[in-house]
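For reference, the structure discussed in these notes is given below.
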Amino acid sequence: MQDAMPEHASIGQLAARSGTSVPCAGNLPVKLDDADSVWFIEQGVVDLFLTEFKDGVEQAPPQHLLRCESGRLLPGVVPDEQDNDGKDTTLSLVAKGLPGTLLKRLPASLLTEVHPAELAGQADTWLTAITETLARFVSHLPRPTALAKPGLTQSLTPCTLSVRRGVVWVSGPSLGASLFMDMVDPAQLAEADGPHEALIPLTRTNWLTLFDEATVSSKSTETLARQGMLLPALASFHAVAFNLERLNRRLAVADDANLERERTTSRRTAETAARQRLFNIYDLPIDRVARVEDTALADALQIVGRHEGIDFSIPARSRPSDAPIGLVDVLDASGVRARRVRLDAEGNWRRGDSSALLAFRAGDGQPVALLPGMFGRYREIDPVSKRSVRLSADRAAALQQEAWMFYRPLPSRSVKPADLLGIAMQGSVADLLRLVLAGLPGGLLNLVPALARGFVAYHVVAGGSAGALYVVAVTLALFGLFGALLHLLQGSALMRLEGRSASRVEAAFWDRLMRLPSSVLHRHPAGDLAMSGMTFQNLRDGLQGVIADSLLSIIFLLPVFAVIFLYDATLGIIALVFSLVSLLVTIAIGLRQIAPRGRMISAVRRVAGRLFQIVEGIAKLRVENAEGSAFAIWARDYREQKRAEIELDALEGHSRAFAAALPFLAGGVLLFSAVAVGDRNIPVGDFLVVYTVFIVFQSAIARLGETFGTIAAMLPAFDQMRPLLATVPEAAVEGEPVERLGGEVLFDRISFRYDPDGPLILDDVTIRARPGEFIAIAGESGAGKSTLFRLALGVDRPSAGAVYYDGRDLRHLNLKQVRRKIGAVPQSVRLHPHDLWDNIVAHREEATTEEVWQAARAAGIEREIKAMPMGMMTMVGASGS
């Protein structure tokens with residue numbers, strides 16, 4: 001007969017039968033210092049703490065190791081007593097339970113009654129948790145080059161030994177042949193404890209480094225339990241773990257000391273920079289700041305800047321051996337936006353007036369300034385010789401095909417209407433002069449038909465001279481041709497003036513928008529900001545006809561109005577009073593449109609913002625089945641938009657009705673006045689002249705009333721943009737220049753909250769990243785991962801603490817230059833609708849072809865790009881695909 005298999009009891013049954021109840025709570029800690037006992041968690045939860053004592057006095061706050069749930073087995077751990085820097089301290093484990101926790105204490109000798117598999121499972125759980133705690137300070141776990149497997153004996157060369165899963169006990173390396181976790185020699189500790197084999201448990205979070213060839217035997221925890229070797233192996237490992245913990249604590253103290261030294265250095269550097277800025281309160285030049293150098297590029301930029309009203313700042317050099325300062329560095333230091341323009345050799349751009357340009361000669365690459373003349377045609381100015389010559393076709397062909405156009409930014413303060421007007425009118429004197437020179441004669445030409453009618457009435461009709469009638473007809477035709485030429489000149493000047501002003505103001509506004517603090521942008525939906533940026537273009541499109549057909553007509557007709565007084569003062573007074581009344585009525589109807597126009601613009605912006613958010617989040621809305629809620633939100637704003645439109649339509653209908661009736665009213669009033677006022681006989685010719693001039697003027701007033709809605713839209717549009725223009729932008733270009741970043745980043749005790757009274761998103765966070773070090777920030781949604789990166793880029797500022805780059809406070813650095821030197825990918829990224837080359841190059845205009853392909857190679861898309869027919873020139877669609 002076969003021997004009967006021994007019966008095994010579970011740990012729970014053994015604890016209920018032979019265990020001694022031990023209450024455990026925060027105020028009833030239990031020391032796990034008896035190696036001959038084990039503790040079973042019958043109910044509740046236990047937190048294990050590592051304590052350090054000397055002569056019964058606690059030397060450091062208890063360190064939390066791990067949390068154990070009910071059903072777990074806690075082995076007894078002999079306290080470790082060692083001389084620590086001249087101090088005899090004792091490390092021991094203490095268990096503290098949550099309310100209602102109950103432990104069962106068992107003699108370790110009774111564990112032989114437990115099935116080896118169950119006992120091994122408990123031991124593996126304990127070992128995995130302890131080794132994870134020991135590796136908490138390890139930034140980079142080494143990649144294993146050899147794997148240990150239970151039941152095998154392996155002959156290994158120098159390597160890093162670990163396991164893929166579970167727990168494997170290894171033995172065999174001789175004294176000095178290995179290090180556990182690169183810090184402790186297990187053979188040395190085993191020799192100090194007694195003549196027994198050194199067994200080390202390997203998990204996924206620890207490793208054994210072999211320096212010499214060795215034969216390594218591997219066993220599973222269950223094998224040790226069956227052989228009765230598990231408890232001695234655990235005791236040996238606990239001694240190794242205590243040694244590792246002591247080394248970890250010493251390294252942590254050294255890290256804290258190094259971190260405090262770095263903090264002190266960073267703060268001293270920040271204080272020194274602050275003192276220098278305080279001493280230079282009047283922005284006087286100091287030795288450290290380099291002045292504008294006499295280089296061709298700097299001089300060319302100064303010439304362009306004087307013409308465009310832009311102040312270019314040349315960044316300082318920190319060392320004479322630095323590379324030459326490039327155009328991008330100057331733009332970053334100056335806070336000026338620029339774009340490339342193409343100089344087509346076959347085009348007529350040199351006869352136009354786009355703006356002052358920075359170009360380069362094709363032969364030697366020397367920069368030149370291209371300045372538009374007062375009446376068109378560019379002039380080329382050599383920054384070295386200061387020679388100015390007219391840009392001929394041959395000189396234009398000798399330039400490179402690309403040049404730079406610059407946009408004047410708004411001042412770094414609250415923007416006033418005068419600031420916008422200054423940018424809009426910069427370099428517009430010639431066009432204003434053209435406008436006046438063409439408008440005044442054009443207004444006087446409106447007299448010609450009226451005078452012709454008077455002449456015909458006096459001389460042709462009365463005298464019956466048919467030949468004179470031919471002369472009048474030819475004269476009117478010639479004056480009409482001359483008037484058409486004046487109108488073309490006026491329209492050309494007005495179009496150039498409007499186009500230049502709108503593009504400059506719109507570019508300045510978008511630049512201002514991108515420089516505003518993120519806290520301000522968060523208060524406005526994306527659609528609202530986009531509509532604000534389009535305000536200037538919309539006003540330009542609407543005002544183009546208004547100014548040309550209405551305002552300018554009235555202004556240039558005012559001198560003609562004096563002709564009425566020359567012919568008849570009484571009729572002139574009546575005409576003047578009627579014109580003022582009609583103008584006031586037109587303006588009053590227009591002013592009533594301002595309030596509903598403002599409500600409509602506000603509603604249109606909200607609708608655009610809602611639609612943008614709905615389209616972006618349509619997938620989430622479908623998952624949550626919330627399309628109806630999104631529609632309800634959109635419908636509420638859309639209702640307000642339609643109500644404002646209905647009110648506006650009614651007012652515009654009144655304006656159109658009055659404009660349609662105005663010429664008839666004017667004619668009736670003038671005819672009635674000629675008959676009813678006084679006892680006088682007005683010559684027919686004089687009356688026809690007065691009547692014609694008067695009707696022309698009233699027609700201009702009527703056209704003004706029909707288009708007053710566009711003028712009424714200006715005030716609410718600018719009023720809604722006023723908060724954005726009044727906000728002071730971030731000082732992105734006023735800090736110290738950043739020529740290079742060494743790669744060392746320090747978050748020094750960072751705390752952050754979005755609102756002054758809001759909750760803390762980050763609370764006293766300290767992270768130090770050394771050059772070449774890789775750190776991953778993991779956490780649930782809302783934990784502050786994105787906030788950390790926003791703080792690192794200077795998008796937000798910490799409520800407390802500071803961010804340091806190479807020991808320099810980010811608050812005192814040129815943020816634009818810092819961001820240019822940091823590679824960052826946002827959470828939601830989409831390709832721009834350009835070719836692949838432009839998407840890769842982005843803002844690095846000086847990038848070479850090799851650098852672009854190197855970037856594609858690093859991103860793993862080189863093969864895909866080369867497989868496309870157009871390669872780097874493949875266009876990206878509007879959807880980013």
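Side notes on the structure shown:
- Qualifying residue in the stretch 399-411 (condition: of a type in the set (D, E, K, R) and at pLDDT 80 or above): yes
- Against the test of being modelled with pLDDT of 75 or more and surrounded by 14 or more Cβ atoms within 10 Å (Cβ to Cβ), the options 477, 502, 484, 473 yield a single qualifying residue, 502.
- Wholly enclosed strands (runs of 3 or more DSSP E) of the stretch 57-143 bearing at least 2 residues in contact (Cβ under 8 Å) with a residue 40 or more places away in the chain and of a type in the set (S, T, N, Q): 80-84
- Filter result (more than 22 Å from the chain's Cα centre (by Cα), at negative phi and basic (Lys, Arg)) within the stretch 748-798: 768, 770
- Residue check, residue 629 within 42 Å of the chain's Cα centre (by Cα) and modelled with pLDDT under 80: yes
- For the stretch 744-787, the tally of residues that are β-branched (Val, Ile, Thr) and part of a loop (DSSP other than H, G, I, E, B) stands at 3.
- Inclusion of residue 821 among residues that are out of contact with any helix residue (DSSP H, G or I) (no Cβ under 7 Å at 6 or more places or on another chain), modelled with pLDDT of 75 or more and under 16 Å from residue 328 (Cβ atoms) is warranted.
- Taking the numbered list (1) modelled with pLDDT of 90 or more; (2) under 29 Å from residue 204 (Cα atoms) in turn, residue 52 passes all entries but (1).
- Qualifying residue in the stretch 588-597 (condition: under 24 Å from residue 523 (Cβ atoms) and buried (at least 18 other Cβ atoms within 10 Å of the Cβ)): yes
- So residue 134, is it in contact with a helix residue (DSSP H, G or I) (Cβ under 7 Å, 6 or more places away or on another chain), surrounded by 15 or more Cβ atoms within 10 Å (Cβ to Cβ) and within 30 Å of residue 8 (Cα to Cα): no
- Some residue of the stretch 163-178 being touching a Leu at 6+ places or on another chain (Cβ under 6 Å), at pLDDT 90 or above, outside any loop (DSSP other than H, G, I, E, B) and more than 21 Å from residue 235 (Cα to Cα): no
- If you check 155, 109 for being more than 21 Å from residue 44 (Cα to Cα), assigned by TED's automatic domain parsing to the domain that holds residue 11 and of a type in the set (Gly, Ala, Ser), only one passes: 109.
The values are calculated or read from the model by the stated rules, or taken from the named source; none is laboratory data. Everything numeric here is computed off the predicted structure, so don't read it as measured data. When we count neighbours, we look across all protein chains shown, and the Cβ atoms used for this are built from the backbone with ideal geometry, even at glycine.
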